[in-house]
Amino acid sequence: MGKSAIRTVCKVDFDKPASEQPYLHNRWHPDIPPAATIKDGETVKIECLDWTGGQIKNDDSADDIKNVDLTRVHYLSGPFAIENAEPGDALLVEIMDVQPFEDQPWGFTGIFDKSNGGGFLDELYPSAAKAIWDFEGIYCTSRHIPHVKFAGLIHPGILGCAPSQEVLDTWNKREAELIVANKLDRDVALPPQPLNVHAGSADPNTKEKVGLQGARTIPGRPEHGGNCDIKNLSRGSKVYLPVHVPGANFSVGDLHFSQGDGEISFCGAIEMAGIITINFSVIKSGVSQLSLTSPIYIPGPVEPHFGPGRYIYFEGFSVDQHGKQHYLDVAVAYRQTTLRCIEYLRRFGYSDYQIYLLLSCAPIQGHVAGIVDIPNACTTLGLPMDIFDFDISPSAIPVKKLDMGRCAFETGKTEGEVVTTAGKNSEVSFGGGLNYKE
């Protein structure tokens, strides 16, 4: 180590469509051929496109967010075969560094249109919107959300090993059962989709098979991790992944300059293209030795620091915005938590859409405070006050409204729609995975 350059095992091309690059893929399937082989114990550099494969532009229109083609995502780098890795082993992935490309010092945060992707608050805020962020070293600022500056906690949104055919069949079966049982006016899971499948360097027959069977990359899944969007999985972190196929077939992508807990707008991190440096080690029989049903991780030492007295926290409970009581529903509680923060920051001149974008990508702390005091779960959201260049503390009264400009909307719109009747006909939630009366 130190006597030679770190090997780059995957290079991306910004001048070529992502779908034509053989080191990328956008489905999970055991038959996608490895893009390269990495030695057990080796440290390598892996280049990644942004998760949309370059569909989003650095401009002041959200037309690209509104019309993004979600059958193409995520474009992941890999898969990479790790020498000596076999089913039943654990793959230790140590994230040594993550950086944007020097000639691509920007990223984006988006709110997808409710009819095309949506997000955590899409029934209240159904319009497409976008913010562009400029990177200066460790810091970022946005012309679309002024008076804000913070250090990024750079991390990959997606990393995982390929499923075995048995694991893949399990995913497809249980998600298909959810789709059949759906009572909501929205997608609840995405089945395999042959349209725009990219299977790396696979031959036509394998590509067709991957299109028909391959799992979409949108959700994280317990057997392998995947798209977990954990903001603290940054430089210096160690992740322990179950291995399901010979060689592990590890993939990574969806790099984030920064993200808040929950990534609430779905396209809610500061999405970027970049380079991740990773060390790989195989732990023989690691699944049984670690009782590794799902991935585990140890955070690294790198994190933006705000003093404990420099956060303002908002609380939310399992009572929705229409006053309906739910049973220990954390999703209802966290939705209400974010709405309390939106109401608070609105007083300073920000639009609801600007705040929605900001809470998705700024280093907010989301926590489950209570989960046993029936009927209400309690969640909290901690907003670091020092990311603003003016005082947002409760002592800053009377409030002076500032000119906050606006975020980017689709052509012809200067503001986003706000729906006050969202969720009014929802049923009372009693939580999942609990015994019902017979």
Condition met for Tyr356 (in contact with a helix residue (DSSP H, G or I) (Cβ under 8 Å, 6 or more places away or on another chain), open to solvent by less than 30 Å² (accessible area, probe 1.4 Å), in a loop (DSSP other than H, G, I, E, B) and touching a residue at least 12 places away in the same chain (Cβ under 8 Å)): no
Scan of region 321-350 for residues that are surrounded by fewer than 22 Cβ atoms within 10 Å (Cβ to Cβ) and assigned to a loop (DSSP other than H, G, I, E, B), ordered by number: Gln321, His322, Gly323, Lys324, Tyr327, Leu328, Arg347, Phe348, Gly349
Qualifying residue in region 72-89 (condition: open to solvent by 20 Å² or more (accessible area, probe 1.4 Å), polar (S, T, N, Q) and farther than 18 Å from Ala269 by Cβ): yes
Total residues in region 232-263, condition more than 24 Å from Val167 (Cβ to Cβ) and open to solvent by 10 Å² or more (accessible area, probe 1.4 Å): 6
Positions within region 291-306 being touching a Pro at 6+ places or on another chain (Cβ under 9 Å) and not hydroxyl-bearing (Ser, Thr, Tyr), in sequence order: Leu292, Pro295, Glu303, Pro304, Phe306
Qualifying positions in region 1-38 - exposed (fewer than 13 other Cβ atoms within 10 Å of the Cβ) and either among the polar types (S, T, N, Q) or touching an Asp or Glu at 6+ places or on another chain (Cβ under 6 Å) (or both): Ser4, Lys11, Thr37
Residue list for region 119-134, filter: in a strand (DSSP E or B) and open to solvent by 20 Å² or more (accessible area, probe 1.4 Å): Asp134
Any chance Lys57 is closer than 25 Å to Leu359 by Cα and without any contact (Cβ under 8 Å) to a residue 40 or more places away in the chain: yes
Matching option when the condition is in contact (Cβ under 8 Å) with a residue 24 or more places away in the chain and touching a strand residue (DSSP E or B) at 6+ places or on another chain (Cβ under 8 Å), among Asp97, Asp63, Asp113, Asp69: Asp97
Filter result (open to solvent by 10 Å² or more (accessible area, probe 1.4 Å) and either in a loop (DSSP other than H, G, I, E, B) or at pLDDT below 95 (or both)) within region 163-186: Ser164, Asn182, Lys183, Leu184, Asp185, Arg186
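The rows are residues; the columns are (1) more than 22 Å from Arg335 (Cα to Cα); (2) assigned by the TED database to the domain that holds Asn116; (3) part of a loop (DSSP other than H, G, I, E, B); (4) open to solvent by less than 20 Å² (accessible area, probe 1.4 Å).
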site	(1), (2), (3), (4)
Leu381	no, no, no, yes
Asp391	yes, no, yes, no
Phe430	no, no, yes, no
Lys437	yes, no, yes, no
Matching residues, region 101-118, being out of contact with any helix residue (DSSP H, G or I) (no Cβ under 8 Å at 6 or more places or on another chain) and either in a loop (DSSP other than H, G, I, E, B) or open to solvent by 60 Å² or more (accessible area, probe 1.4 Å) (or both): Phe101, Glu102, Asp103, Gln104, Pro105, Lys114, Ser115, Gly117, Gly118
Members of region 321-363 that are acidic (Asp, Glu) and within 24 Å of Ala128 (Cα to Cα): Glu343, Asp352
Number of the exception - Gly160 against (1) free of Cβ contacts under 8 Å to residues at least 24 places away in the same chain; (2) of a type outside the set (Asp, Glu); (3) buried (at least 19 other Cβ atoms within 10 Å of the Cβ): (1)
Region 131-157 - residue that is touching a Lys or Arg at 6+ places or on another chain (Cβ under 7 Å) and without any contact (Cβ under 8 Å) to a residue 60 or more places away in the chain and, of those, farthest from Thr277 (Cα to Cα): Thr141
Pair list, Cβ < 7 Å and 6+ apart or interchain, from region 261-272 residues that are within 16 Å of Leu339 (Cα to Cα) and outside any strand (DSSP E or B) to residues that are open to solvent by 20 Å² or more (accessible area, probe 1.4 Å) and among the polar types (S, T, N, Q): Asp261/Gln365
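The values are calculated or read from the model by the stated rules, or taken from the named source; none is laboratory data. Please read all numbers here as calculations on a predicted model, not as lab measurements. For neighbour counting, all protein chains shown are included, and Cβ atoms are generated from backbone atoms with ideal geometry for every residue, glycine included. Side chains included, ligands, DNA and RNA excluded: accessible areas come from the protein's heavy atoms. Shrake-Rupley method; radii C 1.70, N 1.55, O 1.52, S 1.80 Å.
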